[in-house]
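One structure below.
The values are calculated or read from the model by the stated rules, or taken from the named source; none is laboratory data. This one's a predicted model, so the numbers in the text were calculated from it and none came from an experiment. Neighbour counts are summed over all protein chains in view; Cβ atoms, including those assigned to glycine, are modelled from backbone coordinates with ideal geometry. We work out accessible area using only protein heavy atoms, side chains counted, and drop any ligands, DNA or RNA first. Shrake-Rupley method; radii C 1.70, N 1.55, O 1.52, S 1.80 Å.
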Amino acid sequence: MLPDGGGDDEERWLAEGIAGVQQNAFYMHRALDSNNLKDALKYSAQMLSELRTSRLSPHKYYELYMRAFDEMRKLEMFFREETRRGSCSVVDLYELVQHAGNVLPRLYLLCTVGSVYIKSKEAPAKDVLKDLVEMCRGIQHPLRGLFLRSYLSQISRDKLPDIGSEYEGDADSINDAVEFVLQNFIEMNKLWVRMQHQGPVREKDKRGKERNELRDLVGKNLHVLSQIEGVDLEMYKENVLPRISEQVVNCKDDLAQFYLMDCIIQVFPDEYHLQTLETLLSAFPQLQPSVDIKTVLSQLMDRLSNYAATSPEVLPEFLQVEAFAKFSNAIGKVIEAQVDMPVVGAVTLYVSLLTFTLRVHPDRLDYVDQVLGACVKKLSGKEKLEDSRATKQIVALLSAPLEKYSNIVTALELSNYPRVMDYLDNATTKVMALVIIQSIMKNTTCISTSDKIEALFDLIKGLIKDMDGAQDDELDEEDFKEEQNSVARLIHMLHNDDHDEMLKILCTVQKHILQGGPKRLPFTVPSLVFSALKLVRRLQGQDGDVTGEEVPATPKKIFQILHQTIEALQCIPCPELSLRLYLQCAEAANDCDLEPVAYEFFTQAFILYEEEIADSKAQITALHLIIGTLQRMNIFGVENRDTLTHKTTGYSAKLLKKPDQCRAVYACSHLFWTDDQDGIMDGERVLLCLKRALRIANAAQQMANVSKGSSGSVILFIEILNKYLYFFEKGIPQITNTVIQDLIELIRTEKQNDSSASDPSAEAFFASTLRYIAFQKQKGGSIGEKYEQIKAS
């Protein structure tokens with residue numbers, strides 16, 4: 001092996017070797033030119049003696065070897081030409097080169113002449129090859145022996161007695177060709193493995209790297225084997241594969257075993273692997289524990305699954321040879337034999353097996369579940385996975401069925417699917433839950449039974465409730481919102497045309513989301529409410545008894561569920577959201593002609609307004625929502641409606657700021673005049689609301705004058721004027737053109753009295769209103785007559 005020395009020393013030794021090769025090659029060529037065979041052999045032997053060095057690393061030795069190799073090709077051409085012309089006998093030449101002084105040059109020369117000998121066909125190729133491969137045993141130095149046998153392989157690859165070859169002999173010649181390549185391979189592998197055990201222990205890693213640089217020299221033999229036409233499936237099955245597998249297992253070297261198993265998989269045809277699967281797989285459990293079996297075995301499964309995908313006609317063969325069962329059994333034996341295999345290695349094997357199964361046997365859900373079950377068995381007795389690599393592989397394992405079937409319903413039929421998920425940590429459980437939801441969204445999967453939804457929510461439980469050991473302070477707010485929005489979107493994907501089954505679905509969803517805690521409810525409850533309201537509208541006009549457990553789906557039953565669900569928001573608290581949802585339910589109850597239910601929802605909304613909503617801006621928003629919803633209600637009797645409108649107008653007058661009071665009060669005017677509702681046309685109360693709004697606007701002007709020294713903007717008066725115009729067009733008798741004219745004059749007076757800078761928005765608003773009045777005048781007809789008496793200019 002390479003003695004201790006620096007890189008500069010090695011460069012110097014290489015330079016000396018190359019110089020020796022070049023110098024002797026020069027004399028060799030001169031002898032060849034003068035047809036002096038004796039001198040040519042002498043200088044070629046001296047040139048090849050440079051390859052006897054032990055001072056170079058494999059990389060540098062390769063450089064030296066290639067210099068000599070180029071010269072030997074020229075020498076071979078000379079020998080071939082000489083024998084063709086009859087200047088010398090190839091048999092005599094074959095004997096002559098065996099008298100070289102040193103064994104290494106002698107064998108290189110022997111191989112060179114042997115190539116010419118086979119080409120001349122003066123002797124059977126099989127005899128010459130057998131002689132050469134045996135004689136090469138004379139070099140047992142690992143590095144020198146490897147390159148010598150590589151040279152033998154190189155010069156003989158086109159001279160094997162193969163079927164259809166010009167060197168084909170009798171019927172057994174193909175066996176001789178295979179035997180020659182196998183024997184050369186076995187000897188090269190032995191030399192390659194022996195390199196690891198020479199030299200000091202401290203250089204073990206260095207030797208490993210050096211050996212890795214030489215692996216292709218060994219692997220080329222397997223490539224040559226795969227190219228021999230005579231190696232059919234029968235020969236491969238009975239002779240080639242068993243011999244190679246035996247050598248791989250017996251060498252007990254992790255680097256050699258990994259590389260050679262990979263070579264077998266890569267160089268031989270897929271159909272050979274399929275038909276010899278049992279023999280090939282039997283070698284894996286016998287490999288060294290340090291061999292990265294998962295990578296090689298995964299490559300084999302990937303290659304065969306690609307074979308099945310590109311050649312569908314071979315799928316029956318996979319069933320015939322029971323490929324899945326053999327792979328599953330082999331993986332089990334490998335995991336059992338390698339007791340120290342990390343979890344990530346075992347899970348990776350199952351991921352590859354599952355990928356193979358989904359591509360080759362997509363219709364066999366029992367196979368898929370069997371793979372998941374085997375993974376559960378491997379993980380049994382362990383806590384949550386902490387190895388990030390293993391966790392990543394588990395996610396890949398669970399994602400594969402989703403990607404293949406594009407339907408979560410299929411995954412829900414796998415009994416071991418949730419059992420595998422149980423081994424994920426809390427963070428990864430959430431990631432997997434999001435993957436599941438994204439799959440549903442991407443494929444617009446409709447989940448239509450309550451039992452399937454129960455199973456689904458068990459899978460995504462990491463998103464819908466707090467997991468054991470979860471730390472709230474570790475939660476990123478944006479991530480949390482995105483997670484809960486995903487759950488909310490999922491709820492809208494749950495649907496069944498059967499009303500009773502849809503009610504069961506809603507009850508199942510309610511049961512799960514109410515366990516989500518105060519942080520999740522604001523995201524998930526609205527989705528449940530609106531999904532339930534969809535069902536309510538499908539059931540409009542139906543009614544029935546709501547007592548008992550198993551009851552038909554009726555609006556009353558659903559409204560009970562909605563009331564319970566929205567009530568759960570009160571523990572947060574989240575009064576603004578609850579109020580909005582109560583009002584939505586009240587409107588739905590109105591459409592179903594359920595006055596008591598609608599009144600109850602309004603009552604709950606008013607209670608929230610009075611007791612929970614303290615912020616002035618929130619009060620304004622809530623009050624306008626109440627007014628808008630109440631305006632659309634047509635189910636209430638006179639007494640209930642009066643109660644609710646009285647409450648609403650009372651709330652309007654109690655807002656903190658005068659402008660807000662004013663706007664709320666004039667908005668209440670719409671509660672007393674609705675075109676499409678019989679009996680709600682109270683012009684007196686409309687006028688009363690508008691007059692009250694004017695008084696409040698006037699009070700706001702006075703307060704502005706006291707605090708700021710100016711009367712302030714007239715925007716409120718302009719807004720009230722627009723309300724007057726609206727109701728004037730509706731034909732309310734109490735709203736006359738005189739009232740409108742007086743209001744226009746009031747606005748103009750207020751503008752003139754305002755000493756402060758004018759408000760551009762108010763000016764534009766007022767000008768637009770006057771243009772509207774002028775436009776209505778120009779229309780003519782009844783509208784024009786109504787506006788004729790109003791002076792807008």
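So that you can scan it fast, the table gives a plain yes or no per residue for (1) among the β-branched types (Val, Ile, Thr); (2) crowded, with 17+ Cβ neighbours inside 10 Å; (3) within 60 Å of the chain's Cα centre (by Cα):
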site: Phe728; (1), (2), (3): no, yes, no
site: Gln741; (1), (2), (3): no, no, no
site: Ile747; (1), (2), (3): yes, yes, no
site: Asn753; (1), (2), (3): no, no, no
site: Ala764; (1), (2), (3): no, no, yes
site: Thr769; (1), (2), (3): yes, yes, yes
site: Ala774; (1), (2), (3): no, no, no
site: Gln778; (1), (2), (3): no, no, no
site: Lys786; (1), (2), (3): no, yes, no
Q.
If I filter the range 76-93 for residues that are open to solvent by less than 20 Å² (accessible area, probe 1.4 Å) and either modelled with pLDDT of 90 or more or closer than 30 Å to Met195 by Cβ (or both), do I get at least one hit?
A. yes
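Quickly run through the range 656-669 and pick out the residues that are in contact with a Cys (Cβ under 9 Å, 6 or more places away or on another chain) and surrounded by fewer than 23 Cβ atoms within 10 Å (Cβ to Cβ).
First pass over the range 656-669, keeping only residues in contact with a Cys (Cβ under 9 Å, 6 or more places away or on another chain): 665-669.
The answer is Ala667, and nothing else.
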Q. Can you spot a residue in the range 82-100 that is in contact (Cβ under 8 Å) with a residue 24 or more places away in the chain, of a type in the set (Asp, Glu) and in the same structural domain as Val21 (by the TED database)?
A. yes
(Q) Among (1) surrounded by 17 or more Cβ atoms within 10 Å (Cβ to Cβ); (2) within 18 Å of the chain's Cα centre (by Cα); (3) part of a loop (DSSP other than H, G, I, E, B), there is one condition Ser439 misses while meeting the rest; what is its number? (A) (3)
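For residues that are among the small types (Gly, Ala, Ser) and more than 25 Å from Gly373 (Cβ to Cβ), tally how many sit in the range 310-335.
From the range 310-335, those among the small types (Gly, Ala, Ser) are 311, 323, 325, 328, 330, 332; that's our starting set.
Keeping just the survivors that are more than 25 Å from Gly373 (Cβ to Cβ) gives 311.
Residues meeting the conditions: 1.
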Q) Looking at the range 708-726, which of its residues are surrounded by 14 or more Cβ atoms within 10 Å (Cβ to Cβ) and at pLDDT below 90? A) Ser710, Ser711, Gly712, Ser713, Val714
Q | Where Pro316 falls short, out of the listed (1) in contact with a helix residue (DSSP H, G or I) (Cβ under 9 Å, 6 or more places away or on another chain); (2) assigned to a helix (DSSP H, G or I) | A | (1)
Q) For Gln619, all conditions in the list (1) closer than 25 Å to Arg520 by Cα; (2) in a helix (DSSP H, G or I); (3) open to solvent by less than 30 Å² (accessible area, probe 1.4 Å) hold save one; what is the number of the exception? A) (3)
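Assess whether Glu234 counts as being assigned to a helix (DSSP H, G or I), surrounded by 14 or more Cβ atoms within 10 Å (Cβ to Cβ) and of a type in the set (Asp, Glu). Spell out the reasoning first.
Values: assigned to a helix (DSSP H, G or I): yes; surrounded by 14 or more Cβ atoms within 10 Å (Cβ to Cβ): no; of a type in the set (Asp, Glu): yes.
So Glu234 does not fit the description; no.
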Q) Of the conditions (1) assigned to a loop (DSSP other than H, G, I, E, B); (2) surrounded by 19 or more Cβ atoms within 10 Å (Cβ to Cβ), Asp675 fails just one. Which one is it? A) (2)
(Q) Please go through (1) closer than 24 Å to Ile118 by Cβ; (2) without any contact (Cβ under 8 Å) to a residue 60 or more places away in the chain; (3) surrounded by 21 or more Cβ atoms within 10 Å (Cβ to Cβ) for Leu41 and return the number of the only condition it doesn't satisfy. (A) (2)
Q: Filter the range 320-351 for residues that are under 27 Å from the mean Cα position of the chain (by Cα), surrounded by fewer than 23 Cβ atoms within 10 Å (Cβ to Cβ) and under 18 Å from Asp270 (Cα atoms) and give the result.
A: Phe324
